[in-house]
Amino acid sequence: MADTHNGGDHQSTGTTSDVESKPYRELTWEAVVLGVIQGVVLNLAFCYAALKLGFSLGGSTVAAIMGYALLRGVLGKGTMVENNINQTIASGINTAGTGVIFTVPALFLLNQKWQADGTGSLAFEALPLAVAGIAGAILGVVVIIPLRKQMIEMDRLRFPTGVAVTTIIRAGATGVEKAKLLAIGFAIAAAWKLVMVSGWLDSTEEAIAASGFGITHEELYFGCGIIPAQFAPVIYLSLMNLAAGMLAGRGGLPFFAGGILSWWVIAPAAASMGWVSPEMVETFGGIDWAIYAKMLRPLGIGTLVGGALMGVVMAFPAIQSAMRSLATAAKTAGSGSNVGGDELSLKTLIFGTVLSVVLFFIASMMTDGVTITQALISSVVGTVWLGLAALIVAQATGMTDISPMSGMALISVTLMMVLLNGNIAASMVVGVAVCVAIGQGADMMQDLKTGFMIGARPIKQQVVQFAVTWLGALVALGAVYALWSGGEGGQGGFGPGTSLPAPQGGALMGIIDAVKSGNVPVDKYAMGALVGGCLGAAPMPGLGVLIGLAMYLPFSITLGYGIGCLCQMGIQKVKGAEFCEHKLVPLCAGLIVGEALTGMGHAFFNIFKSWMAS
């Protein structure tokens, strides 16, 4: 007979006198292969989503749901800890892409702007960025491992996402039902995205201008000649956007409020007070675009920067705690404590650190205009700053679930531009490595928290994260190049004025361009930074960044997101929180992944079509 405990995590067969124990399933080939496949798919999907929304979405929930459905439902062998390995790999590969998607698009956008302005071009290569991404992924894991015991077992930091994933993994049989809802959401979103990209519902721009109503470029204009253009009467017809708002619920309302403040208060006030000249309206093709380009966009960048930097300042208690954790962890390591071999050895961590520094140096040397001295400075300073930043973000994530990645990216690139005599491409190499590393550090701690709560062995999670998650940086870099090449003429596939505005990359590009050219809208940046700094000091973590993003993004995206937030709040009031957790969350996750992967597929199709035509 079979005896199964803890949802199948311990199994034995045989009689009372002759018991044959089956191998304990944890680190298995099935879990590793499934984790890598899910990680690559989620990486592509959420790279697309981050270029659209300006913030990243975690893939742990989707990976845990699909892990149960496939490992247990299809193979009939899965255990909780085996699913934890699958989820650790998938979320690690996915998260590595976030560091790339927040930084690299700035290079494409800056090069495009300089070429359009006739001021030259920006030379950069993919290989140094790829090497930097790998170095960041490795070092992000290496830095965090010594702190696991202190942060998770001793300090008992919350790591809210890790706790939420634990609930999903422990849910047992409900995993199959959630997988079905995820598949339904995927199918609906994929079908709708195909309708949108086909153009079947589109009206001509002339017809929309005459009637004030119609669909073009996946946006619905509903002014109908009644609502003025400065109120931005347009909504993006994206199920992914709606679903992201439904996942956020009440927590996403500040983002929605930022859009309302921008387009229903600031923009109408600017128009009524005559702050926008007729020449500006003619230059930018409408009063709404003139207000966005000359006022809201620079204000949004300033607010985003101010909020991000204040987030770092507000994380100072976390920095102090992280330093204490590091000191305590060093003492523990010095005493030779390694109970049960549950952590990677010190030799492995030293090897990983040395390898990362060497890769850092190689990536810097591969960049045009970098001397050996500058490469040494880049690798040493970059590694030290990277380790500190990963430490800060891991601690902040454990306490609040908020990751100040955008602030760290801005600080990193600005610092390296000073040290490297304004070499933008070389500075971005460091920026990529830092962003990938801090994302890996925060994700690693969330996954280790999940493993701790379900009884997994941390060394096995560390081994798989160390071994494969660097793939995420390469996948994301390929996605950026593919999406950019999917635009008209093989370029311009993302950025302002497209369906993928790339707000984080655009903000970084704006700062770099302003510093490099000396054409800084100081008044708007300063005002925005002041507002962002004040908001960043508010009790709600990340408020300044959310408001800045909302000001920077087109209101069509913010409006759809806000409607999603309000829908979730209404559904929760009627159906309850449990319904939202078990039904709405997997359905919305499917909507996001379905639209994102279909959008990626459409970009690849355009590239293939252009290649065939040439």
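The values are calculated or read from the model by the stated rules, or taken from the named source; none is laboratory data. None of these values were measured; they are calculated from a predicted model. Quick reminder, even Gly has a Cβ in these numbers, built from the backbone with ideal geometry, and neighbours come from all protein chains shown. Ligands, DNA and RNA are stripped out before the accessible areas are found, and what is left, the full protein with its side chains, is counted by its heavy atoms. Shrake-Rupley method; radii C 1.70, N 1.55, O 1.52, S 1.80 Å.
Data table
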item	result
Test result for ALA409, at pLDDT 75 or above, surrounded by 24 or more Cβ atoms within 10 Å (Cβ to Cβ) and not polar (S, T, N, Q)	no
Number of positions in segment 197-231 that are in contact with a Gly (Cβ under 7 Å, 6 or more places away or on another chain) and crowded, with 19+ Cβ neighbours inside 10 Å	3
Tally of residues being farther than 18 Å from TRP192 by Cβ and open to solvent by 70 Å² or more (accessible area, probe 1.4 Å) across segment 232-251	1
Total residues in segment 561-614, condition among the hydrophobic types (A, V, I, L, M, F, W, C) and open to solvent by less than 40 Å² (accessible area, probe 1.4 Å)	11
Identity of the residue in segment 252-286, of a type in the set (A, V, I, L, M, F, W, C) and surrounded by 19 or more Cβ atoms within 10 Å (Cβ to Cβ), that ends up farthest from LEU566 (Cα to Cα)	VAL276
Residue in segment 216-227 that is at pLDDT below 90, more than 21 Å from ILE547 (Cβ to Cβ) and among the small types (Gly, Ala, Ser) present	yes
Total residues in segment 529-555, condition open to solvent by 10 Å² or more (accessible area, probe 1.4 Å) and within 18 Å of the chain's Cα centre (by Cα)	6
Condition met for ALA90 (in contact with a helix residue (DSSP H, G or I) (Cβ under 9 Å, 6 or more places away or on another chain), surrounded by fewer than 18 Cβ atoms within 10 Å (Cβ to Cβ) and at pLDDT 85 or above)	no
Hits in segment 480-505 (condition: assigned to a helix (DSSP H, G or I), at pLDDT 85 or above and either among the polar types (S, T, N, Q) or crowded, with 17+ Cβ neighbours inside 10 Å (or both))	VAL480, ALA482, LEU483, TRP484, SER485
Unmet criterion (only one of (1) assigned to a helix (DSSP H, G or I); (2) open to solvent by 10 Å² or more (accessible area, probe 1.4 Å); (3) touching a helix residue (DSSP H, G or I) at 6+ places or on another chain (Cβ under 8 Å); (4) not aliphatic (A, V, I, L, M)) for THR558	(2)
Qualifying positions in segment 590-602 - among the hydrophobic types (A, V, I, L, M, F, W, C) and closer than 10 Å to LEU44 by Cβ	VAL593, ALA596, LEU597, MET600
Residue list for segment 464-479, restricted to those being part of a helix (DSSP H, G or I), under 17 Å from GLY35 (Cα atoms) and open to solvent by 20 Å² or more (accessible area, probe 1.4 Å)	PHE466, ALA467, VAL468, LEU471, LEU474, VAL475
Test: residue in segment 453-463 that is more than 16 Å from the chain's Cα centre (by Cα), more than 30 Å from GLY78 (Cα to Cα) and crowded, with 20+ Cβ neighbours inside 10 Å	no
Within segment 107-135, considering residues that are more than 15 Å from GLY478 (Cα to Cα) and aliphatic (A, V, I, L, M), the one surrounded by the most Cβ atoms within 10 Å (Cβ to Cβ)	ALA135
